[in-house]
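Student: If you scroll down you'll find the structure; I have some questions about it.
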Amino acid sequence: MDLSVLPNELRNEIGISICKQVTTGQSGAYTYLLLGKRGRNKYLKIIPKDLKISVKREVEILRWLEGKFPAPKVISFISDSKYEYLLMTEVEGVPLSDYIIKADVEKSWTC
């Protein structure tokens with residue numbers, strides 16, 4: 001995905017960052033780790049609207065969790081005619097997908 005076409009508001013929030021694409025998910029979203037100054041990393045999820053999925057509910061849940069549970073903080077949520085964009089902070093820990101993949105592998109090897 002060409003990140004130069006991001007909405008201006010989002011580009012201003014991101015600033016100058018080193019972007020690394022994250023390919024572990026299976027949703028069809030484009031996900032990027034944005035390496036920030038002093039370890040203040042962010043994640044950007046870009047969801048094509050033709051996937052017929054939305055992250056609006058994820059945004060609502062993350063905002064509700066703020067201050068109650070260690071979860072990413074929503075920095076920005078933007079929707080245009082082609083994409084939804086979710087920019088959020090990084091939190092310490094291991095991605096949930098690591099556990100799901102591990103559980104699937106362990107289950108497939110159990111006889």
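Student: Rank by packing, highest mean first: peptides 41-54, 15-28, with packing defined as the count of other Cβ atoms within 10 Å averaged across residues.
Tutor: 41-54, 15-28
Student: May I ask you to give the solvent-accessible area per residue for the chain, in square angstrom, as obtained with a 1.4 angstrom probe?
Tutor: With the other protein chains kept in place, the chain gives 74 Å² per residue.
Student: Strictly over 19 Å apart at the Cα level, which of K37/K68; K56/K82; K37/K82; K20/K49 would you flag in this model?
Tutor: K37/K68; K37/K82; K20/K49
Student: Continuing with the same structure: Go through (i) 33, 16, 10; (ii) 25, 17, 15; (iii) 23, 17, 14 and flag the label whose value is the computed semi-axes √(5λ) of the Cα gyration tensor in Å for this structure.
Tutor: This structure yields the entry labelled (ii).
Student: Where does the chain land at 222 nm, in deg cm²/dmol rounded to the nearest 500, when only DSSP H runs of n ≥ 4 count, each adding -39500 (n - 2.57), divided by all residues?
Tutor: Calculated at 222 nm, the ellipticity per residue is -8500 deg cm²/dmol.
Student: Determine the share of the chain's accessible area contributed by carbon and sulfur atoms, expressed in whole percent, with a 1.4 angstrom probe.
Tutor: C and S atoms contribute 55 percent here.
Student: Which longest uninterrupted range of the chain lacks any GluC sites (Glu not before Pro) assigned by DSSP to a loop state (not H, G, I, E or B) and surrounded by at most 13 other Cβ atoms within 10 Å?
Tutor: Longest stretch, sites excluded: 1-65.
The values are calculated or read from the model by the stated rules, or taken from the named source; none is laboratory data. Note that the structure is a prediction, hence the values are computed from the model and not measured. FYI the Cβ positions are ideal-geometry reconstructions off the backbone, even for glycines, and counts take in every protein chain you see. These accessible areas exclude ligands, DNA and RNA; they are computed on the full protein's heavy atoms, side chains included. Shrake-Rupley method; radii C 1.70, N 1.55, O 1.52, S 1.80 Å.
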